[in-house]
Amino acid sequence: MGLTGLEIFKQLPKTNTGDCGFPTCLAFAMALAAGKTSLEKCPHVSEEAKEALGAAAAPPIRLVKVGTGDTAVELGDETELFRHDKRFYHPTAIAVLISDTEDVAARVKDFGELEFDRVGLHFVTDMVALKNASGDAAKFKAAAEAVAAGTKRPMVLISEDVAAMEAAATAVAAGKPLLYAATGENYEAMTALAARLGCPLAVKGNGLADLSDLVEKVVKLGHKDLVLDSGSRDTSQVLADLTQIRRLAVKKRYRPFGYPAMAFTSKDDPFAEVVQAGVYLSKYAGLVVMKASKKEELLPLLSWRQNLFTDPQKPIQVEPKAVAVGEVTPDSPVYITTNFSLTYYIVEGEVESSKIPAWIVPVNTDGISVLTAWAAGKLTGEAINKALKKDDMESKVNHKTLVLPGYVAVLSGSTEEATGWKVMVGPREASGIPKFAKANFA
Amino acid sequence: MAFTPVKDKYRSKVGEVTLGATREQGGTRAYTITVGGEATLPFLHFEGEIPNRPVVALEVWDVAPADWNPCFEPFYGDVYNNPAAWAKKCVEEFGADLVVLRLRGADPDVKDASPEDCAKVVKDVLAAVGCPLVVLGCGKAEKDNQIMPAVAEAAAGENLLLGVAEQENYKSLTAACMVHKHNIIAQSPIDINICKQLNILITEMNLPPNRIVIDPTIAALGYGLEYGYSIMERARNGALGGDSMLAMPMIGNVGYEVWRVKEANASAAEYPGWGEQEARGILWEATTAMALLQAGMDIVVMRHPKAAGLIKQNIDELMVKTSYEG
């Protein structure tokens, strides 16, 4: 399946403009063949070439957008089985399930609270999944309108009854909800509805072979913004199905599975549900629908999502600039750390909880942690001196004492020499800061 | 187009390690536990054999922990000062597959327990439970080199899992495992090359690969969990690809890492945006364990009984066979 790099190259302009982000057309063609980029990145490609390259140049997994504006969620467009091979791009969306038999307005209000701040990052719960549990079309429509009124975040509308779906989806079509689902029984009408409203459509199979057939039928009807559900609900089988869908799309360029996949939790206990959802999030679901809706239940899951979808090649950095934590005075202590964001925010959190205002000076180590930076020669007395000078710390405090991370106590001498400041060796772990601060600065 | 499942072919599989020894085998354990042996990636039953399920261990200390979250009090408060009773509770009440005994009290800054004291605690715990036992030192190399040989000798025949060996300090523990026939934990600092190198060094001392368990070092969720996750995934891929020096089962100290972080411990009053503390801590631990199981961990060392229960249930579900035949 698919074309070779050279076959693709023949269709490209061969002008080597570099506008696609690759140095040459040949390099771009090779990347296309490997599924690592998409043809749209080339602004110069001819219409004929686009046609000719067609499916071969399409990304292995289509990018599907649900919702509109700032809160729209992008699913799919992944290229890897393992994050260490490159990275994962589009974090698994989490949808909280609400039934149209509940107090929808109240549930949506609570849903709005499911946003979190942690280590300088903001995590959101992405979508509301509204289920037509009542079986009543009017009720479903009214509930969809209540969700739309209560949140700008996108919706998954859940009903296999085309009439009910039509009533609800038409009312909230402007928000581009995901319609769930086209099945073997209803796919013609459901696909026509999704196409008419311009909404993405979930396709629910009865196992993978059935799903594959059904996707081909839906695509023949002209709709391509699809999300796949194998129909399995048992943890082990869902893991297997999600793995097959990802492998077939990425390794075999199997077109019927070239769409993001979704999964539903089946557990009633919210704790067990979080663990189950975590499995699907780890292994390839683009969207997980779950019932758990408390802060303490979603925060761990969203934190794992953040971890998993970081770029393994690029440590996240903070600006290497002195930060005042709390109401600092000229007597406030000065803590040295690095600009690796995880390190920095852990230190900041602990300084904050020490309740003793202080300066934190993150030395520019290209975003690596204290010990690694020390080993790499990036955290040195000279580097600390540069950071102190750059932020003009001498004018901000009336003392010349700095706190060095305990793990690099060995830098004490060279730091005192380079900076002219006195060194206090702090705790090894940031968690020791509150105790350390109380003992020394209270 | 028709759907044909992709079944990857692997050159090799993970080696098996058996922990514990029954009376017939020269020990006193009621049963043994075998880990490893996977011929595919985690829980992908459709393409390869997974002969042994991952196991869940609970952590027991030889001294009452001074700084554990108060939420552990209702579970362990009555046994904090009695490691044998504590271990028994972990197995009988909380369903642990095995027990990890951490000799925290040997630390010169804690209680500076002597090698004889440590050996006695190990014997007491062995007498109290029938499960295989893992014993960890206090983490200070110099002291561990004194206590671990004494522990190995006192428990000769029990086929313990002893830890940890590190690149800079592996000889003494390896020798103790050789002489008294125990298994070893080879710990590397989130570095696959050191992981491999350490296994080579240990096997060069003639401890066979089927007596080694890898601890690639893990961090808690939110504190670099993804690094350990990727190292485990790479090690497991390496094992299946035929690299015999990565083909050992893996262990992770999940509870120990998780219950050091703020997200597990901070009260809802301190962080109202994060929800209720104990539930959050349990799920912080369970989520960390869940992720590492997906990366190939075989022995999950946990702390909160409810988190351990959730993970046992998750393993049960993931061990359900899948197939795309017929």
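The values are calculated or read from the model by the stated rules, or taken from the named source; none is laboratory data. Because the structure is a prediction, the values reported are computed rather than measured. Please note: Cβ atoms are built from the backbone with ideal geometry, for glycine as well, and neighbour counts cover all protein chains shown. The area values use the complete protein model at the heavy-atom level, side chains included, leaving out ligands, DNA and RNA. Shrake-Rupley method; radii C 1.70, N 1.55, O 1.52, S 1.80 Å.
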- Task: Over both sides of the A-B contact, add up the buried accessible area with a 1.4 Å probe and give it to the nearest 100 Å².
- Result: 4600 Å²
- Message: Taking only Cα atoms of the stretch B:209-314, what ratio of Rg to Rh do you get with Rh as the Kirkwood inverse-distance radius?
- Response: 1.05
- Item | Over 20 Å [Cα-Cα, the stretch A:323-441], rounded percent | 33 percent
- Message: Suppose R0 equals 51 Å. What FRET efficiency, 1/(1 + (r/R0)^6) with r the Cβ-Cβ distance, do residue B:81 and residue A:10 give to the nearest 0.05?
- Response: 0.05
- Message: Let me check I have the definition right: for the protein assembly as shown, take the eigenvalues of the Cα gyration tensor, multiply each by 5, take square roots. What are those semi-axes in whole Å, largest first?
- Response: 45, 33, 28
- Query: Rounded to the nearest 500, what is chain A's calculated 222 nm mean residue ellipticity when only DSSP H runs of at least 4 contribute -39500 (n - 2.57) each, over all residues?
  - Reply: -12000 deg cm²/dmol
- Counting only backbone N atoms under 17 Å from a point 7 Å out along Cα-to-Cβ of residue A:161, the residues of the stretch A:108-131 in range are A:130-131
- Item | Per-selection metrics, the stretch A:64-308 (Cα): Rg and Dmax in Å | 16.7, 49
- Query: Which one of A:369, A:46, A:232 has the biggest mean-square fluctuation once chain A is modelled by GNM with Cα springs under 10 Å?
  - Reply: A:46
- Message: About the Cα centre, and with charges only on the beta carbon of Lys, Arg (+1) and Asp, Glu (-1), how big is the dipole of the stretch A:323-441? Nearest 20 debye, please.
- Response: 160 debye
- How many partner chain Cβ atoms sit within 10 Å of a residue's Cβ in peptide A:271-283, on average, as a whole number? 6
- At a 1.4 Å probe, which residues in the stretch A:212-234 are at least 30 Å² less accessible with all protein chains present than in their chain isolated? A:216
- Task: At 25 °C and 0.890 mPa s, grab the translational diffusion coefficient of chain B from Stokes-Einstein with a Kirkwood Rh over Cα pairs, rounded to a whole number in µm² per second.
- Result: 122 µm²/s
- Per residue value of the accessible surface for the stretch B:160-219 (all protein chains in place, 1.4 Å probe), Å²: 38 Å²
- Item | the protein assembly as shown - charge dipole about Cα centre, Lys and Arg +1 at Cβ, Asp and Glu -1, debye rounded to 20 | 1320 debye
- For the residue pair residue A:399 and residue B:140, what label-to-label distance in nm results when each label sits 7 Å from Cα along the Cα-to-beta-carbon direction? 2.9 nm
- Message: One quarter of the convex hull surface, Cα atoms only: what value does that give for the stretch B:156-200 in nm²?
- Response: 2.9 nm²
- Note on the structure: Among the Cα-Cα pairs of the stretch A:5-57, the proportion with separation greater than 17 Å, in percent, is 18 percent
- Note on the structure: Per-residue average of other protein chain Cβ atoms inside 10 Å, peptide A:240-252 -> 4
- Query: Per residue, how much space in cubic angstrom lies within the convex hull of the C-alpha atoms of the stretch A:127-248?
  - Reply: 104 Å³
- Task: May I ask you to list the lysines whose Cα is less than 17 Å away from that of residue A:217, ignoring any residue fewer than eight positions away on the same chain?
- Result: A:204
- What stretch of chain B, leaving out the sites themselves, is the longest with no trypsin sites (Lys or Arg not before Pro) in a DSSP loop having at most 12 other Cβ atoms within 10 Å? B:12-320
- Query: Scattering from the C-alpha atoms of the stretch A:1-104 alone, worked out with Debye: what is log10 I(q)/I(0) at q = 0.11, 0.18, 0.20, 0.23 1/Å?
  - Reply: -0.45, -0.92, -1.06, -1.22
- Ordered by number, the trypsin sites (Lys or Arg not before Pro) in the stretch A:377-441 that occupy a DSSP loop and have at most 15 other Cβ atoms within 10 Å are A:400, A:428
- Entries of A:294/B:312; A:252/B:321; A:422/B:262; A:65/A:291 with Cα pairs more than 28 Å apart: A:422/B:262
- Message: Past the 20 angstrom mark, what percentage of all C-alpha to C-alpha distances in the stretch B:9-101 do you count?
- Response: 53 percent
- Task: Take the stretch A:241-328, drop everything but the C-alpha atoms, weight them equally and run the Debye formula without solvent; then report log10 I(q)/I(0) at 0.25 Å⁻¹ to two decimals.
- Result: -1.18
- Task: Determine the distance separating the Cα centre of the stretch B:178-196 from the Cα centre of the stretch B:73-119; give it in Å without decimals.
- Result: 23 Å
- In chain B the DSSP beta bridges are antiparallel at a rate, in percent to nearest 5, of 15 percent
- Message: Output the 0 to 90 degree angle, nearest 10, between the alpha-carbon long axis of helix A:162-172 and the longest principal axis computed from the alpha carbons of chain A.
- Response: 40 degrees
- Starting from the coordinates of the alpha-carbon atoms of chain A, obtain the Kirkwood hydrodynamic radius over all distinct pairs and give the value in Å to one decimal. 24.8 Å
